[in-house]
Amino acid sequence: MTAVEERAVPSAAPPPRRANPVWGLLRNSWRQLTSMRTALVLLFLLAVAAVPGSVLPQRPVDRTQVASYFAAHPQLAPVLDRLGGFDVYAAPWFAAIYLLLFTSLVGCVVPRLLEHVRALRTRPPDAPRRLDRLPQHAAPAEQAGDPAAVAAEVASALRRRRFRTVVRELPDGVVTVSAEKGYLKETGNLLFHLALLAVLVGVGFGSWYGWHGSRLLVQGADTGFCNSVTQFDDSALGPRVDAADLPDFCLHLTGFAASYQPTGQPKSFRATVAVDEDGHTSTRSFAVNDPLRLHHANVHLIGHGYAPVLRYTDRFGQQQTNVFPFLARDGMLTSEGVATFPDANVDPRTGKRDETLQVGFEGVYLPTVDPKGTASSVFPAERDPVLFLTAYRGNLGVDAGIPGSVYALNRAQITTGELKRVGGERPQRLKPGASWTLDDGTKLEFLGTRQYITLSVRYDPTQSLVLAGAVLGLAGLMLSLAGHRRRVWFRVSPLPGGEGPGGGSVVEAGGLPRTDYPGFGAEFEELSRAVVTRAVARPVQSGGTA
């Protein structure tokens, strides 16, 4: 048999591995999220998302204003409440934008920071071969002196103008000077974004370790307030804060002064309080935008109003005197509220209370009544105060154990007839000191009013960090707007035919702006003229002067 050589057939190349589509989707999504464009869009969305927090009343700031908004917009308010409109900064959609912005900034800033550090440590590049192709160019000019001396003087002049400068000597006797300036622009950009990250971190940790509460405080020694969760009208503690962590202090409102423009617009509010803190009592005053600063707590003045003082004498001759804050519904402090006496008409012989004889009043208080007879105040100060009341008798519904508002009667009790209107069809008009006798012989007296203030007690441990971030962010923004990165090169060549080492040189210059800089042409012209002139004016090695 004849041996037949078999040729080895090379195996076919394996097909390229197909990329994992899930991994590709994640990689592209991360690139999009960490791009500067996405960070700017998220920052804009965060600013837009914060608008409802300044337009709508917020529960953490003033729960009474939220209640007033519900009363004024009964159909719109529940929809906004479901969307988180009355607690915007705790809404899930706001937190989603916040976290996405934080992630985007971290993924965007960290690579840029590393690149900027590398750029700061890198020497300016050598001069291009064709300087005349650069956006700015200075034609070659003959100068006295050898290239090394002229280049040294050029470099010295550039350093005095705070350029990063490198001098390079080439084998053919040519000396180049590379100079760069304007890194503060990128430094400012990074400082702004790092400051924004600091603000986001501060706000995040502040929500974890901070707390706040609101309280309506009526003037008088018998209506004090101590810093406790149970005594707040509304409160919110951070996830890392326990009720026992709140500082111990008590406040009593001893005075309140308000001044108004002739139009009724407020000019100034100032409250005076007695403060009991750490066993020491002192008198302090504070105003709007000038909070009362205590240890680990700031007390802000955010509103004020009037609380009518009413005395009710029941059919058994028992008297009850209470203070009832009325909530303002407009800037003239037209106020609405209720006064309830659930413990009225208790039989002194048996000690039993008839729930069908409970008494409640709802009404409107006008600090300055309108002479034209409208149901609104015409001035916020008490110039001509009048209280309009409507009386109801029956079961107030307060014993059912169902939470309700202290600023409104239970409408369900009125609808079912368990709480009936008495005392006439028209509201009773009362001036301070006046009284009203009802059909069963009971009497209500309007003794006057006390002023009250609405307080927001807050503690934010990262307030200093947020302030520092805001200041540094502003400084970084100014640096980024003022800085312009640019490069200039000077090539110093030996003068052809020159005699000796100091026979002469030819200087050529070029410039390149690294960013949009309309004034670079004028700066380059002035720079090249000043630098070359200084180099010529210096003594050269040959001993002559230019």
Spin-label model distance (nm) - L25 vs D126, 7 Å beyond Cα toward Cβ: 5.1
Whether the chain is rounded, prolate or oblate, judged on the alpha carbon gyration tensor where a/c under 1.5 counts as rounded: prolate
Full-stretch length increase - W93, L33 - with 0.36 nm per residue and alpha-carbon distance subtracted: 19.9 nm
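Roughly how many Å² is the accessible area per residue of the chain, as a whole number, for a 1.4 Å probe?
Numbers: 30410 Å² over 546 residues.
Result: 56 Å² per residue.
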Cross-link partners of K443 among lysines (Cα-Cα below 27 Å; sequence separation of 8 or more within a chain): K352, K420, K431
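First compute the accessible area of the range 66-202 with a 1.4 Å probe, then give the percent of it belonging to carbon and sulfur atoms. Intermediate results must be reported in sequence, preceding the final value.
Working: 4500 of 7280 Å².
Looking at the range 66-202 in its full context, I get 62 percent from C and S.
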Difference of contour (0.36 nm per residue) and Cα-Cα distance, T283 to V471: 64.3 nm
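Go ahead and run the numbers for FRET between A274 and D439, Cβ-Cβ distance against an R0 of 60 Å, rounding to 0.05. It would help to have the intermediate numbers written out before the result.
Values: r = 43 Å, r/R0 = 0.72.
Once rounded, the FRET efficiency stands at 0.85.
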Centroid-to-centroid separation of the range 261-275 and the range 65-114 [C-alpha atoms, Å]: 32
Rounded, prolate or oblate (a/c below 1.5 giving rounded, otherwise prolate when a/b exceeds b/c) for the range 183-294 by Cα gyration tensor: oblate
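Can you tell me how much longer the chain between V241 and S405 gets when fully stretched, taken as 0.36 nm per residue apart minus their C-alpha distance, in nm with one decimal?
Details: separation 164, 0.36 × 164 = 59.04 nm, distance 2.81 nm.
Here the answer is 56.2 nm.
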Accessible carbon and sulfur surface of the range 346-442 relative to its total accessible area, %, 1.4 Å: 51
Under the span-like rule (Cα at least 30 Å along the axis, Kyte-Doolittle mean at least -0.5), DSSP H helices of the chain: 92-121, 183-209
Percent RCO, i.e. relative contact order, over the chain, from Cα pairs under 8 Å lying at least 6 residues apart: 20
R0 of 56 Å, Cβ-Cβ distance R118-A221: FRET efficiency to nearest 0.05: 0.25
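The values are calculated or read from the model by the stated rules, or taken from the named source; none is laboratory data. Worth saying up front: this structure is predicted, and the values here are computed from it rather than measured. Every residue, glycine among them, receives a Cβ derived from its backbone with ideal geometry; neighbour counts consider all protein chains shown. Just the protein is used for accessible areas: all its heavy atoms, side chains included, with ligands, DNA and RNA removed. Shrake-Rupley method; radii C 1.70, N 1.55, O 1.52, S 1.80 Å.
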